[in-house]
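**Q** Sharing a structure below in structure tokens format, with a few things to ask.
Where a number appears in this text, it was derived from the coordinates with a stated rule and is not lab data. Predicted model only: the values in this text are computed from it and were never measured. With ideal geometry, Cβ positions are generated from the backbone for all residues, glycine too; neighbour counts draw on all protein chains shown.
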Ligand SMILES: [Zn+2]
């Protein structure tokens, strides 16, 4: 006979979600009760944290703590939740709770999302997903957003950065957004030219030619044309500032932009390596863009590539080389695990007792040499010049070895071991969407650089 599973239902709704989306405790509860019934679970208890965001500290989520207490008293076999973001948005808290669950052999599942934490593949997925969620919630906390909404309602600016054609006047609470008379024509021309040419590039060229005092890049022009402030609306507040064009005209232009975009690019493409590749000439992180592939010269085939913005937008960097996303991805799939393995072995060598004893021996020898050098100099047996150069060498060697001794010895490699032990990591990787692929690389790689022969070098985290 199958063992009956005793389930605990966990529910969480934040104040903002209740207000904005009408999510309620009740709707989650009935959804989860139905789920439990479908799966023949016995519901032990329902735990509901109301008015709490997932960012709230663990200790303030009272119902979650009560649930954990029941877990520790072995009253529950499985926890069911609606979606992962009900559970945690913070990787550290998640692992703290997961530890308790693991100890008591309790697992959990989502009614509306699929995760399987019983396999290492499942946990890898989950780790990636949580890293993304954490990143998102770090960017906007509910309270900051609430404050911003209020400021906007009162027509106050929430940042100092204004689109061209607007400026901020007044002080403190009296700050207002008004038209900038010096750049009114600039703003009007921008929309006129787009209607005329339907090309961001041509608009950018026109503006830079006619307003050399106000240089502007391609990406900013694109963002400006989509900015609702030009018809007076900001964050859904319609009469936020004085408009340049009517809402109807703005909408017409943005429909044109959307139509063009569908024609030329894949919509909202997520660049897997954006911010991860460093330009080998200037060190700036390279940005992704869609370019026409050289071989297929048709209008609608574009390839994701990376280039140094310092070269392309203000020509301060000589690196005109572009990197094709697909080729880099293939290279990484062929080389990543091998290089990671070499990296791990190298660090473990250092962590290995003998090796670190070697390092401390070297450090000791350098210390002795430094002492002796001081004596030699004090006894006038070497010149000041010789002393200086010798001393510098010893000191920088010492720094290097000391750093090596502490850094490498303390590095936690468990994350890498998990990855290296997972035989089908590449197979799994292929199933990820671009957003998750990106999170995957960010998890392990600090940056990728090229050497002078354009060969890639991976720097691990
Ligand atoms: Zn560069």
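**Q** Express in nm, to one decimal, how much length is gained between residue 40 and residue 24 on full extension, taking 0.36 nm for each residue of separation and deducting their alpha carbon distance.
**A** Working: separation 16, 0.36 × 16 = 5.76 nm, distance 2.46 nm.
Taking 0.36 nm per residue and subtracting the Cα distance, the gain is 3.3 nm.
**Q** With a ≥ b ≥ c taken as the square roots of the eigenvalues of the C-alpha gyration tensor of the stretch 153-264, please select rounded if a/c is under 1.5 and otherwise prolate if a/b is larger than b/c or oblate if it is not?
**A** Values: a/c = 2.24, a/b = 1.45, b/c = 1.55.
Oblate.
**Q** Suppose each label sits 7 Å from its Cα in the direction of the beta carbon; what would the residue 346-residue 151 distance come out to in nanometres?
**A** So the two model labels end up 4.5 nm from each other.
**Q** Further, regarding this structure: Would you please give the FRET efficiency between residue 385 and residue 358, computed as 1/(1 + (r/R0)^6) with r the Cβ-Cβ distance and R0 = 41 Å, to the nearest 0.05?
**A** With a Förster radius of 41 Å, E is 0.80.
**Q** Residue separation times 0.36 nm, minus the C-alpha to C-alpha distance between residue 258 and residue 426: what's the value? Walk me through the numbers before you get to the answer.
**A** Working: separation 168, 0.36 × 168 = 60.48 nm, distance 3.52 nm.
Difference between extended and current length: 57.0 nm.
**Q** Quote the FRET efficiency, to the nearest 0.05, computed for residue 415 versus residue 158 with a Förster distance R0 of 30 Å and r equal to the Cβ-Cβ distance. List each step's numbers first, then the result.
**A** Numbers: r = 38 Å, r/R0 = 1.26.
For residue 415 and residue 158, the calculated efficiency is 0.20.
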